[in-house]
Amino acid sequence: MPDPMMRLFRYLKQYRRQVAVATGASITNKIFDLMPPFLTAWMIDAVSGNIPAWIGRGLGLSDAWTAAVFIGVLTVVIFGFESFFEWILKREFMRLAQRVQHDLRTDTYGQVQERELAFFEDQRTGNLLSILNDDVNQLERFLNDSFNEIIQLVLLLIVATWSLCAVSLELGLLGVLPLPFIIWGSVFYQRRIAPYYREVRNAVGHLNNRLENNLSGILVIKSFAAEAFERQRVEEVSANYRTANFQAIRWNSLYVPLIRIFIALGFAGTLVLGAYWVIYDPGRLSLGSLAFFAMMIQRLLWPVTRVGSLFDEYERARAAARRIFGLLDTPPAIASPPQPVNVPAEAGHITLDAVHFFYKEGQPVLRGLSLDIPSGATIGIAGPTGAGKTTLIKLLLRLYDVQEGAIRLDGTDLRQLDLRDLRRHIALVSQDVYLFHGTIRENIAYGLEQSDDTTVEEAARRAQLHDFIAQLPEGYDSIIGERGIKLSGGQRQRLSIARALLKDAPILILDEATSSVDTETERAIQENLAQLTRDKTALIIAHRLSTIRYADKIVVLEEGRIVEEGTHQALLEKDGLYAELWKVQTGELV
């Protein structure tokens, strides 16, 4: 990718007006801020009888006192303008930083949401949170402070060098002589410290990963009495983060003392030579000009010590920008086509045509799978663990794309459909139920906030959940906690079923939907299965074969292939893999 900071500046094009106002205020503020050396020189020359020509002849103020009063008034005016433009620049840079922070975070999060499922399986949650929080905040700090400092420092170098050389070329060159050494030292410093800041950003990502992982798994940690072990692991990654920062701090702390040596030499040399000219070469340099040199060189050289800190902030921002724009500029591997085909409102006819799929090359999961599922049919899918049942569901949702063959919905390849339109046509109840912190009502109506209380309650009844909710003090407004921690596994499963029923999509997928419910609830759901799947194309994946015994057809998978298909009774009579699985579950085969 191009230089990440250049990518940031291109991103700032959408804020042209704010950048222009903030930059203009910064430049104007710095010009007024550099006026005190001029004012001091004019005042000293005026009171010593050497009134500057532009005041004496230009404005006709030939009296020393009158000239001094004028310079005093001018000082108040200049400081007033300097303060006004400082207020403008701080306000505008802060507002710009907040706008960019907000838009970058939402744009990056939006891009993350569009990424394919494989991306999340390869990424750590803590690393993504580090990008969305720490890295975005780092760019905010850069735009809030360092961006303005860079502008003002560049302007300072130009204006101060020009004004010094305009007064006395020889003395000016002597005063700015340390600048090449300071700039070279800053560039050297930047190159040495850049790798350390990359290590710092990586280390903070690893630390966030560990903390997020441990907080999410606190129940397991406590149940295994592993608190000391996990504390040790956190200490290790935190120590790595500390070490990475120490390496950067070592160079950071060394830079300023070395640079100040060059500054002191230039400052002292200028003062000594200027004093010599004032004393022994009258007329070559006025006393006011010597004071001007003393003040301006101090204003020039001492702020230059900030170059190292600015490079420090720049490198931090650069490392953050690399991670942010690396994520932002990478297109999703699975996306809607430019001109998608519209999905019919009641689409439900699913066709799998010689589907081949693998997660890793050389490890096939589905091998030439062909299956026709008529609209409105209820299909049970069985098979041993690893047969490819859940993978089939991921392909139907187009969370992955097939490597060979095709999956079609009402005759149209899924890759020709709009992703959101496709997924709106499918309601999924997964074996891994995820619930959001909030109320029961909000979780049932997730993504369907326009649903009224009656439809929410009806979905809960059909999922055998309403009686439990009615017993709660807050009813449907009860808070279920992070990931539904206040609910049992079966209650979370039934809430997930209610959510899918409320969606009322033409295609219903139940992936081990009764795996966490008790026997009584499972029986009630099975009895209502015909009602739940009425007028829908239903795919039911089940290890508990009793859940699919009344399906229109049962498909048995083994090692990514269909080895049997038929009704429950027909498969039992066939006495193959399905019959064997059934006998194990019913206790007929031990």
Fill in: 0 to 90° range, to nearest 10: angle between helix 287-304 axis and the chain longest Cα axis
20 degrees
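Provide, as a two-decimal number, the C-alpha radius of gyration of segment 264-312 over 2.2 N^0.38 Å, N being how many residues it has.
Values: Rg = 13.6 Å, N = 49, 2.2 N^0.38 = 9.7 Å.
Against the empirical 2.2 N^0.38 Å value, I get 1.40 for segment 264-312.
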Practice prompt. Excluding residues on the same chain fewer than 8 positions from K90, give the lysines whose Cα lies under 24 Å from its Cα.
Written response: K13, K30
Discussion item. What is the distance in Å between the Cα centroid of segment 321-351 and that of segment 83-125?
Written reply: 23 Å
Worksheet, complete the sentence: Per residue convex hull volume, Cα only, segment 142-194, in Å³ is 68 Å³
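Return the equivalent ellipsoid semi-axes of segment 85-146 as a descending list in whole Å, where each equals the square root of 5 times an eigenvalue of the C-alpha gyration tensor.
On the way: eigenvalues 189, 24, 5 Å².
In descending order the semi-axes read 31, 11, 5 Å.
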Worksheet entry | Ellipticity estimate at 222 nm from DSSP helix runs (n ≥ 4, -39,500 (n - 2.57)) divided over the chain, nearest 500 | -20000 deg cm²/dmol
Worksheet item: Which cross-chain or sequence-distant (5 or more) residues have an amide H under 5 Å from the amide H of A505, H modelled 1.01 Å from N in plane?
Response: A427
Item to complete: With both partners inside the chain, how many of the DSSP beta bridges are antiparallel, as a percent to the nearest 5?
Response: 55 percent
Discussion item. If neighbour count is taken as other Cβ atoms inside 10 Å, put E140, E565 in order from fewest to most.
Written reply: E565, E140
Response to the item:
From fewest to most C-beta neighbours within 10 Å, the residues T454, T106 line up as T454, T106
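Quick check: convex hull of the Cα atoms in segment 391-504, volume per residue, rounded to a whole Å³?
Numbers: hull volume 12.8 nm³, N = 114.
Convex hull of Cα atoms, per residue: 112 Å³.
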Worksheet item: Once segment 167-226 is represented by equal point scatterers at the alpha-carbon sites, with solvent omitted, what log10 I(q)/I(0) does the Debye formula produce at q = 0.15, 0.17, 0.30 Å⁻¹?
Response: -0.69, -0.75, -1.07
Worksheet item: What whole number of Å gives the distance from the Cα centroid of segment 479-507 to the Cα centroid of segment 408-455?
Response: 12 Å
Worksheet entry | Whole-number D in µm² s⁻¹ for segment 58-200, Kirkwood Cα-pair radius fed into Stokes-Einstein, 20 °C, 1.002 mPa s | 105 µm²/s
Worksheet entry | segment 9-65: radius of gyration and largest Cα-Cα distance (Dmax), Å | 19.1, 56
Worksheet entry | Amide H within-cut-off set for T378, under 5 Å, with H built and near neighbours excluded | A538, D552, K553
Worksheet, complete the sentence: On each of the three principal axes the extent of the alpha-carbon atoms of segment 194-352, given in whole Å and largest first, is 101, 55, 21
Worksheet item: What whole-number value in cubic angstrom gives the convex hull volume per residue for the C-alpha atoms of the chain?
Response: 223 Å³
Worksheet item: Taking only Cα atoms, what is the 0 to 90° angle, nearest 10, from helix 227-280's long axis to the longest principal axis of the chain?
Response: 20 degrees
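Taking the number of other C-beta atoms within 10 Å as the exposure measure, put W184, W582 in order starting with the fewest. Mind showing how you got there, number by number?
On the way: W184 10, W582 18.
Listed from fewest to most nearby Cβ atoms, that is W184, W582.
For a 28 Å ceiling on Cα separation, which of these pairs sit above it: K553/K583; K389/K536; K503/K583?
On the way: K553/K583 19 Å; K389/K536 20 Å; K503/K583 36 Å.
As for pairs spanning more than 28 Å Cα to Cα, those are K503/K583.
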Worksheet item: Based on the Cα atoms of segment 55-127, what semi-axes does the equivalent ellipsoid have, where each is the square root of 5 times one gyration tensor eigenvalue, given in whole Å with the largest first?
Response: 61, 9, 9
Worksheet item: Amide H to amide H, which residues 5 or more places from V365 or on other chains are under 5 Å from it, using H placed in the peptide plane?
Response: F357, F358, Y359
Worksheet item: For the Cα atoms of the chain, what angle does the longest principal axis make with the long axis of helix 306-328, in degrees from 0 to 90, nearest 10?
Response: 20 degrees
Practice prompt. May I have the pair-distance distribution P(r) for segment 217-289, computed from all Cα-Cα distances with 5 Å bins from 0 and rounded to whole percent?
Written response: 3, 12, 10, 8, 8, 7, 7, 6, 6, 5, 5, 5, 4, 4, 4, 3, 2, 1
Practice prompt. Evaluate Rg over Rh across segment 322-446, taking Cα atoms for both radii and Kirkwood's formula for Rh.
Written response: 1.00
Fill in: Alpha-carbon centroids, segment 5-58 and segment 373-387: separation in whole Å
75 Å
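The numbers here are math on the coordinates, done by the rules we state, and not lab data. All values derive from a computational prediction rather than experimental measurement. As a convention, Cβ positions derive from the backbone with ideal geometry for all residues, glycine included, and neighbour counts pool all protein chains shown.
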